[in-house]
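Visitor: Mind looking over this structure? Questions follow.
The values are calculated or read from the model by the stated rules, or taken from the named source; none is laboratory data. Everything numeric here is computed off the predicted structure, so don't read it as measured data. Methodologically, a virtual Cβ is constructed for each residue, glycine included, from the backbone with ideal geometry; neighbour enumeration extends over all protein chains shown. We work out accessible area using only protein heavy atoms, side chains counted, and drop any ligands, DNA or RNA first. Shrake-Rupley method; radii C 1.70, N 1.55, O 1.52, S 1.80 Å.
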Amino acid sequence: MQFLRSRVAALSLLTATFLVSACQRGGYQATPQLAPVTAQPVSKTQPEDPKAAATIEPYRQRVTQQMNEVLGVAPVAITKNNGESPLANFVADLQRERASAVLKQPVDVGVMTNGGLRASLPAGPITMGSAFELMPFENELVVLDTPGPVMQDMLNYAARIKMALSNVTYTVGADNKPTNVLIGGKPFDPARTYTIAISDYLAGGGDQMVFFKSIKPRSTGVLLRSAIVDHIRGLTKAGKPVEAKVEGRVKVM
């Protein structure tokens, strides 16, 4: 009798399990349904849509007018190259100058890598479009209060690639280490804190400048591109051409 009750109970449990399983929904299976292809290839032969063109035209004219504004004139092209370059000198110097004006205090050093500059400034008229080609990023000009050991890391980085810095001269030894470092005409003091004008991208560790990541930057509220544009306009207003050159900031033994 006990055996019969056990068999009945087992059969009831099996039946209940089957019914519950039968009532549950299976896992969702997506069924892709692709719309019929109605798009057409777009190429230079594609006719212009008159309505779209009319909508865009006022904006196109405004952008073209803004990009064609002449900011200044360069007697010769201001180019970049490996090591010390006219363009990097130009931008690093104006960074330091603008940061000093904004913070109302001297800034010791300006830093700009060649990789951060996307195009040279052409000979002849320099337009707003030229400035956007040079600096297409929305990078902000910031200032770092840099302890001596971090400044040494910066100098070591610069010496490896023979990179010039604003307001700094040094010699690269046979071991690719910087020697005879002068900042503002005075010997480098590892016990000092130096101020550096730099882009927020580099300050955040960009271009492998990871030694800066521990320093909280001071904001200037000025876009680097705006600083470049304002500097060129200032030169023009003062009746000066836009010029830069290699000055021997970096000497190689």
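Visitor: Could you pull out the pairs from K104/K216; K162/K245; K80/K186; K80/K162; K186/K251 whose alpha carbons sit more than 22 Å apart here?
Guide: Check vs 22 Å cut-off fails for K80/K186.
Visitor: Moving on. Between R218 and A238, 0.36 nm times their residue separation minus their Cα-Cα distance comes to what?
Guide: Result for the pair: 4.2 nm of gain on full extension.
Visitor: About the Cα centre of region 65-245, what is the dipole size in debye to 20, counting +1 per Lys and Arg Cβ and -1 per Asp and Glu Cβ, all else neutral? All intermediate terms of the calculation are to be shown ahead of the outcome.
Guide: On the way: 18 positive and 16 negative charges, 41 e Å.
So the magnitude is around 200 debye.
Visitor: Let me ask something additional. Need the full-extension length gain, M253 to N180, defined as separation in residues times 0.36 nm minus the C-alpha distance. One decimal, nm.
Guide: 25.1 nm
Visitor: Towards the positive end of the charge dipole of region 65-245, with charges on Cβ (+1 Lys, Arg; -1 Asp, Glu), say which of G184, L144, N114 has the farthest Cα.
Guide: In region 65-245, that residue is G184.
Visitor: At a 10 angstrom cut-off on C-beta neighbours, averaged per residue, how do the peptides 84-94, 190-200, 217-227 rank from highest to lowest? Intermediate results must be reported in sequence, preceding the final value.
Guide: Details: 84-94: 23.4, 190-200: 20.0, 217-227: 18.1.
Final packing ranking: 84-94, 190-200, 217-227.
Visitor: Next question. Obtain the nm distance between the two label points defined at T79 and F137 by a simple spin-label model: each point lies 7 Å from its Cα along the Cα-to-C-beta direction.
Guide: With each label point 7 Å from Cα toward Cβ, the separation is 2.4 nm.
Visitor: Heavy-atom accessible area per residue, region 65-245, 1.4 Å probe: how many Å²?
Guide: On the way: 8240 Å² over 181 residues.
Dividing the accessible area of region 65-245 by its residue count gives 46 Å².
Visitor: If you average the C-alpha positions of region 120-149 and of region 62-87 separately, how far apart do those two centres end up, in angstrom?
Guide: 11
Visitor: What is the percent carbon and sulfur in the accessible area of region 65-245, measuring with a 1.4 Å probe over the protein chains and ignoring ligands?
Guide: The nonpolar share, carbon plus sulfur, comes to 53 percent.
Visitor: Hey, another quick one. Note down the nm distance, to one decimal, between modelled labels 7 Å out along Cα→Cβ at M67 and at A52.
Guide: About 1.8 nm separates the two model spin labels.
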